[in-house]
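Engineer: Can you keep this structure in mind? I'll have questions shortly.
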Amino acid sequence: MLSYFTALLGFMHICILGAGVIGVTTAFYLAQSGYRITVFDQQTEVAAEASFGASLFALPSVGLKPTSMTHSLAQYSRICMNRLEQPLPMLCRDFTATMTKKAKQMGVRFRFGYELECLKSLGGHTVSAQLKAVIPRNQGQISCQADAFVLAAGMNSRDILKKQGLILPVIGLKGYSFTLTHHLSGERFTCLYPWVDTERGLIANWQNNTVCFSIFETQPSAKLRANEQAREKLRSIAINHGLSSKQVDEGMFWTGVASTTPDGLPYIGPTHQPNVYVNIGHGAFGASLACGSSQLLADIISDRPTEIECYPYRIDRPFTIIV
Ligand SMILES: Cc1cc2nc3c(=O)[nH]c(=O)nc-3n(C[C@H](O)[C@H](O)[C@H](O)COP(=O)(O)OP(=O)(O)OC[C@H]3O[C@@H](n4cnc5c(N)ncnc54)[C@H](O)[C@@H]3O)c2cc1C
């Protein structure tokens, strides 16, 4: 745990790995707590992976793996989001861009085109992140020294943690989504907000002038594997919900892999290394859970009382193996 008072003086430096919706929102809440923050991402901009095409904010009254704890985190997230300056964009990548702007205004530094290779430890304490340049305008390798590290690298977090000696059961959840932002009439879609069909792994959303349908491969053998099949399925879902073929052709079709966990709850909190934290495994609801998860992690790192129970999200619940 880091001292809140020291953080207030801006002395504590925290390095965040991953600039998806979770990494960026974590940066915002930690900067609000007074820390000096640097965020790294291998991509050239924020929300370029699972957060890119994620749709609107589904509040999972039922998740793909429904649990009461996912529900509490979603409700808490909604409370945290309502505390922010409104209005907020409801598409995940636009929301992430807005949070990036807010974070930058608080002094958060973003560095793109650097891939984390490993975390270096000295005497059981992690001291630096070793990163290599992965775009032409960056050169060679760099090292980022910090007092604490937050892993928010989506699916890649599993391999990064494995190199650090921690095996966490993080599972890829492949999803396909169709999003159309247009002048849509509300009456037709209000019934969709939010709608989760756990049997078919389908999320449907309507908000303002945007409609979004997402389907997930709920089993490894699912026939949806081929993108073309998923696209056709989404097309027919959209048409069945009243969109014309012309409108469907104007929509954005997108595929991404979100990280989930065996019990459907994210991992939020410390790891086996005292100054390395995780905020990963949000499955099909990362955008919806981002504010609550990040506020919770900021409170844990600052050693403040948390507003919701933090135990259900700890890594040392069943299924975790430390080697
Ligand atoms: C089809 C689909 C539809 C969805 N719909 C919804 C929805 O309606 N509502 C909802 O709430 N959620 C939805 N989700 C889930 C949501 O997209 C994810 O839960 C969320 O994006 C996870 O965010 P993240 O920041 O953890 O991961 P990511 O967005 O994947 O971010 C991880 C970041 O880490 C970076 N990174 C990875 N490895 C490294 C490395 N070694 N070095 C440096 N950087 C690295 C990546 O470049 C990436 O930018 C959907 C997901 C999919 C796939």
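Here, each number is a calculation from the coordinates, and none is a lab measurement. Computed from a predicted model, the values in this text were never measured in an experiment. When we count neighbours, we look across all protein chains shown, and the Cβ atoms used for this are built from the backbone with ideal geometry, even at glycine.
Engineer: How many nm separate the modelled label positions at residue 44 and residue 162, each set 7 Å beyond the Cα in the direction of the Cβ?
Structural biologist: Placing both labels 7 Å along Cα→Cβ, they lie 3.0 nm apart.
Engineer: Sticking with this one: Taking 0.36 nm per residue of separation and subtracting the Cα-Cα distance, what length does fully extending residue 121 through residue 253 add?
Structural biologist: So the extension gain works out to 43.3 nm.
Engineer: Please turn the phi angles of the range 123-133 into ³J(HN,Hα) values with the Karplus equation 6.51 cos²θ - 1.76 cosθ + 1.60 (θ = phi - 60°), one per residue in order, whole Hz, x for glycine and proline.
Structural biologist: So the Karplus estimates, Gly and Pro as x, are x, x, 10, 6, 10, 8, 9, 9, 10, 10, 5 Hz.
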